[in-house]
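Values in this text are rule-based calculations from the coordinates and carry no lab data. These figures come from a predicted structure and were not determined experimentally. Cβ placement follows ideal geometry from the backbone for every residue including glycine, while neighbour counts extend to all protein chains displayed.
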Amino acid sequence: TVQPVTHGDCYPKHTTELNTSNKLTMAKSSVPDAQSSSGSDEEDAEQIRITLTPASGIEETDLHWKLTGGVVPITVPADIRRRGLSVVVNHLLGRTADSDDQSDNEEEEDTEKLAPIPFDFLLNGRLLRMGLETVAKRDGLSLEEALEIVYFPAVSAPQGSGSSEEMPDWISCMTGVGGGGVCTGGYDGSIRWMEKCVEMASVVAHAGPIKCLAVDSTSNIIATGSIDQTLVTHTYNPQTRELGLHAVYSGGHSNSIESVSLTGITSDKTFLASGDWMGGLCLWEVPRGDAAAESAPTKKAKTATNSTATAVREVQPTASWKAHASSISHLCYTHDSSPTSSKLISSSWDHSLKVWDVERQDCILTLNGNRVVSAMDRCSNSDVVATGHPDCTMRLWDMRTQSKEGSTGVSEKTFRPSHKSWISALQWSPTDPFILATNSH
C-alpha cells in the first residue's frame, strides 16, 4: 500500500493557541479541541469516541512518543483536527502545552515537563487533514464504534543550511549528487557542481539554455540536453574539481531536448534515454573507460576556456522512435530493469504516461489522463510513480497493482492542490520512499 506523501507541508507550532481550560480529564472521557470555544458551547458540542494507536514500524527513539497502558477509548469533539489531536497526545504523554494565559504556578510545573512533539494522524489509512466527523462521513465509517486513529511524530519542515551566490541566469534543472551536493543546469548553458552551496566546478556545455539534466552517481557522468538540439555528457573529477567533456550524442534529435535519464543497469555499462519537444525518444549507450574512447568515433570540439580543438567521442543512438504526440516531460527506468529486460517510463504533454519495453521498442502500458503531465519521478524502491500537473495537483500511480485476471493494473490517487501554480518539477527522496519534494511556478 502506498501511503500518502507529505510535501512542502510545514507543521505549525500548535501549542501556542492553547488556554488553561483545555485540559483532558479521563474521568469525563472528554477532550476539548485546541480550537473549541469555552463555556456552554463545549458542553453542547458533538462528541466522537476514538482510540489512539502508535504507528508500527517506527522506532521509539529518544522522544518517547508512544503511549503506554494499552488502548483506551476517549471522547473528543467531532470537529477536532490534527492540531487538537496533537495537543491530546502530548497531554497524555505529560508534555508541556504553551499558553499565554498560564499562571506562575503552572509555568513552574511545566518547566519539569518535556517539550511537546508535533504529531500526524492516519484515519482509515489516510492522513488526517479535516475534522474527524467530516472524514468519517466521507469514508463511510460508523460513529457507533470508536474510530481507530494511528499517530506518529510529524515530519518537520526542512531547515535551510545556507544559500549560494546569485546565479547569472535562471536555474532550469537540478539534481542531488553524493555528499549532499547538487548539480544544476542554467539558461546560460552552464553546468555547475555545488557542495554545501559552494560552487566546486562549472563549464559552459551548450550554446542555448539547458532544459534537462541527469547524473550517474557511480561514475559522476552528467548528461544534459538543450534547446539548441544538442545532447552531451560531462564527467566530474572530485580530486581536481573539474568538469570535462565526455561525449557528444548526435543523429537522434532535430528539436529541443526536454528530458534525459541515465541508468547503470550493469557495472560496466550505462544507458541514456532522451526525449524531445516533438515526442521523439532516443536510446544511447554511454561510452565508459579508455578502451571505449579508442574504439569510438571522435570529432573535433573546442573547449569552453580556449580555442584549442580536442578530440571527443561521438555517439549514435541505438534506437529512436516517435513515443508521444507532444513534448516528453520526463523519463525514468523502472525499478526492475535489468540487462535482459529493461523498461522505460515516459510522461508527456499529450496527457499520457507510457511504459516501454526497450529491447522491443514496444509500448506495453498506456495511462491516459485529462491534464498535461509537467513533471514525473519514480519511487526509489518500487514502480510507484508521482506526476505533477498544471492544475496544481500531484498524483500517484501504483503500477504494482494486480487485477483479478492476473494482469498488471494501476491504482491512482490524487492529492489536493498543494501549489498556487502549475507543478514544474518533483523528485522522490533517494532514501525515504514516503517523502518527495515538489516545486512550482
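Too long at a 18 Å Cα-Cα cut-off: which of LYS269/LYS343; LYS322/LYS343; LYS66/LYS413? Cα-Cα > 18 Å for LYS66/LYS413; rest within. Relative contact order of segment 209-249, taken over Cα pairs closer than 8 Å and 6 or more residues apart, is 29 percent. The 3J(HN,Hα) values that the Karplus relation (6.51, -1.76, 1.60; θ = phi - 60°) gives for segment 251-256 are, in residue order, x, x, 10, 10, 8, 4 Hz. Gly and Pro appear as x. Which one of MET174, LEU143, GLY185 is farthest out on the positive end of the charge dipole of segment 139-219, using unit charges on Cβ (Lys, Arg +1; Asp, Glu -1) and the Cα centre as origin? Ranked along the dipole, the leading option is GLY185. In this structure, the amide hydrogen of ASN255, modeled 1.01 Å from its nitrogen in the peptide plane, lies closer than 5 angstrom to no residue at least 5 positions away or on a different chain.
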